[in-house]
Structures are given as structure tokens and as C-alpha cells.
Amino acid sequence: MRLAIRELWRRPGRFVVATVILTLIALLLMFLGGLLDGLVAGSTGALRAQRGQLIVFSTTARNSLVRSRITPETRTQVDGVAGAVNVGGIGSVQLGSRVPGHGPRDLVPVVLMGYELAPRGLPATPPPAGEAFADSSLESQGVHRGTTVALGPARTPITIIGFVDDTRYLGQATLWGSLATWRATQSANRPGERVGPGVVQALVVRSAAPHAATPAAIDAATSGATTTLTIGQSIDALPGVSQQQTVFDQIIGVTVVIAIVVVALFFALITIERTALYGVLKALGASSSALFWGVLVQALIVTLIASAIGVVASLIVAAVIPPGTIPFVATPLRLISSIAFLVIAAVIGCAFSLRRVLRIDPASAIGGGQ
């Protein structure tokens, strides 16, 4: 093992090609993961920010917030279920917003959310009518505290009184106001979707001690008029989220396979070049396992160097990209998992060199090298 490390130190040029290729693979792997996390975060932030454990949709909505309608009578039934400690309505409407300083046709898509139970980062009492908190990604669009944006064809004025992080919904920035603001804005801009007094799109249920049977109890209490999902299930039901994850996971899997092939080919070639050297070392008493561990240590060091470069590059990209532009997020979990994938690829790739190392015969190897 000491010989392997000494070779890396004294002859680094031999490993430059492998390091460069693995660095490119590490960059690709981490950038793909960052894009996936960014896309998912940009679609699910509004749901992940909820402090409740369950979301209650109407059965006919097929788990869609836009199509769901919960009447006051249904809400009363949900309130009566044991375990539903706090129940709050939520509503949403997707509209184009006109931001001061933008052109008359330069609309910024937003989702106005009305809430009762405060999501993470928002005050317990919703803002007064006509006011809202904005997702921080809107700052890149020139929206600041005190800015008044005009929503929809009716140009409903909404004044921004603060910002909240990581609450985007379906790839769009969100505005968070009261249910009264949501109803008035929806009625003015989407008359066909106007809701009656007390009607909301869905209910957020917060329980002090969540129980697995609570969703079924809620749906039973409403006689099947509702479909109750956990926050995780509600996120999975969002259009495109699971498909995005599947596609990116497949691409990431192919990238890991490519890393395995690169490591296997490179260190197989190095093993062939060192056949005579390994023969001498075996003749001097070195075991095949010791020789293989030397190859593995070199592969791991090269992989960790490539991974470190990939991590630094990912953090720099995440820091310089303005919020609300390219959906890229460099999370510690994603970076650690990418390094783990590369390390596993290095180990598997080196395993292909093990058989060749085991088969080296000192006499034939030394004789062949003369």
C-alpha cells in the first residue's frame, strides 16, 4: 500500500487521464443530481412548507389542488375526527403578474396561495386583504418589500410585505395571503372558478400525535367525499414530479455504470503494464491481496480527488446562480450520495483487476519482462 501511495506522489502524470475523466463524471453526476433536486424543490416547496401532516382533497379532484373543493359541511366533518387537532383551509390560483419596471407583456407567472394554518416561515395570522408574502425567488424579478404587483387580466393589486424561502409550487413562485385575498383574486380573474363562502380547495390537518389510521378515519367521516393524503403522498401526486425523478435516476444510474467502466479499463491497463513489477514483488513475498489493495487505494484516492473537485464546482454553481433562474440545488445529502456512488464505482471497477493480479505468476511475469 505504501508503494501505491508513493507511486501516486512521485508519478502523478500516470493518473492524470483517469483523474480528468472521473472529474468530468463527478461533475455530471453532481450537476444532474442538483438539477433534479432543484426541479423537485421548485415544484414541491409549497407542500413541503406545510406544518401539517395531512392534506384533504375532494374525491373528485384526483389529488389535484386546483380541481379540489371542500365545503364548510365537509370541513365540519373533518374537524370532528379524533386526531385532527388543527384544520386549516388552503386555496391556490395560478396567474401572470405584472411587476413594476417590466414591459406590459412581460408577465411573471406566480401562484397566489391563501392559507389559515401558517406554513413554515409565515406568521400565524395571515396578512390583511390585498397583501402577501412572496417567495424569495421573485427578488430576481425585481420584486422587493413594498412592491405592488398586478395579478391576472383584472390586474388585482397585491402588495408584497415580506419574503419566505423555498415555497415554489409547480415551478412557479408563490404569493402567500389570506383566504379572503385568494377568493377575491380568483373571483376577479377566474369568474368560472369562483367559490362560495367558506369553500376552500383543500384542508391541511395538523395532529399532535399522527396516527396511521387518521386518513382513513377522515375519509370515513366524510362518507367518501374526501381523499386524505400525507404530505409525501401529495408531493408524489403532483404532475411530473415522479416522472422527473425516474428519468434523472436512470441517467444517474447510467453515469455510475460509465464510471465503473472507466475505472475498470484504466486500472486493468495499469495492471498489464505492471505485470513484471508485480511478478518481482510476488517473488519477494508480496501477497496478491496486498497488491490488489494497492490498486484499490490508488483508485480511491483518484476518485476522492475527482469528487472533491465536483463538490467545489457544485457549491460554486449553486452560489452564483440567482434564485428563480436555473433550478439547481447543491444539498449535502446529494453531494454525499454522489461521492458514495463514485467510491462504489471505483471499488467495483478495481474488482475487475483482481483476477488478473491473482493470476500473475512470478516466474513467467519476470521472464516475460526480460
Item to complete: Once you have the Cα-Cα distance between Trp293 and Arg145, take 0.36 nm times their residue separation minus that, and quote the gain in nm to one decimal.
Response: 47.3 nm
Discussion item. Rounded to two decimals, what is the ratio between the C-alpha radius of gyration of the stretch 126-283 and 2.2 N^0.38 Å?
Written reply: 1.81
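Using just the Cα positions, wrap the stretch 1-145 in a convex hull and report its mean projected area in square nanometres, one decimal place.
17.5 nm²
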Worksheet entry | Charge context of Arg190, other residues only, Cβ under 15 angstrom, K/R +1, D/E -1 | +4
Worksheet item: Can you give the FRET efficiency for Arg190 and Val16, using 1/(1 + (r/R0)^6), R0 = 56 Å, r = Cβ-Cβ distance, to the nearest 0.05?
Response: 0.40
Worksheet item: With each label point set 7 Å from Cα along the Cα-Cβ vector, what nm distance links Ala313 and Thr60?
Response: 5.3 nm
Practice prompt. Taking only the C-alpha atoms, wrap a convex hull around the chain and report its volume per residue in Å³ as a whole number.
Written response: 175 Å³
Fill in: Helix-derived mean residue ellipticity, 222 nm - over the chain, DSSP H n ≥ 4, -39500 (n - 2.57), to 500
-16500 deg cm²/dmol
Practice prompt. Residues in the stretch 49-67, backbone N under 16 Å from the label point at Gln244 (7 Å along the Cα-to-beta-carbon vector): list them, ranges by number please.
Written response: 49
Practice prompt. Can you check what the net charge comes to around Ser58, using other residues whose Cβ is under 10 Å from the Cβ of Ser58 (Lys, Arg +1; Asp, Glu -1)?
Written response: +3
Practice prompt. Based on other C-beta atoms within 10 Å, arrange His102, His144 from fewest to most.
Written response: His144, His102
Worksheet entry | Contour minus Cα-Cα distance for Ala129 and Ile258 (0.36 nm per residue) | 40.9 nm
Fill in: Pair Asp236, Ala351: separation of 7 Å Cα→Cβ label points (nm)
3.0 nm
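Which whole-number percent gives the relative contact order of the chain, counting Cα pairs below 8 Å spaced six or more residues apart?
RCO, the chain: 28 percent.
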Worksheet item: Under a point spin-label approximation (7 Å from Cα along Cα-to-Cβ), what is the Asp106-Val320 distance to one decimal in nm?
Response: 2.4 nm
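Every read-out reported here was derived from the displayed coordinates using simple, explicitly stated rules and does not represent laboratory data. Here the structure is a predicted model, which means the values were calculated and not measured. Note: ideal-geometry Cβ built from the backbone for every residue, glycine included; neighbour counts use all protein chains shown.
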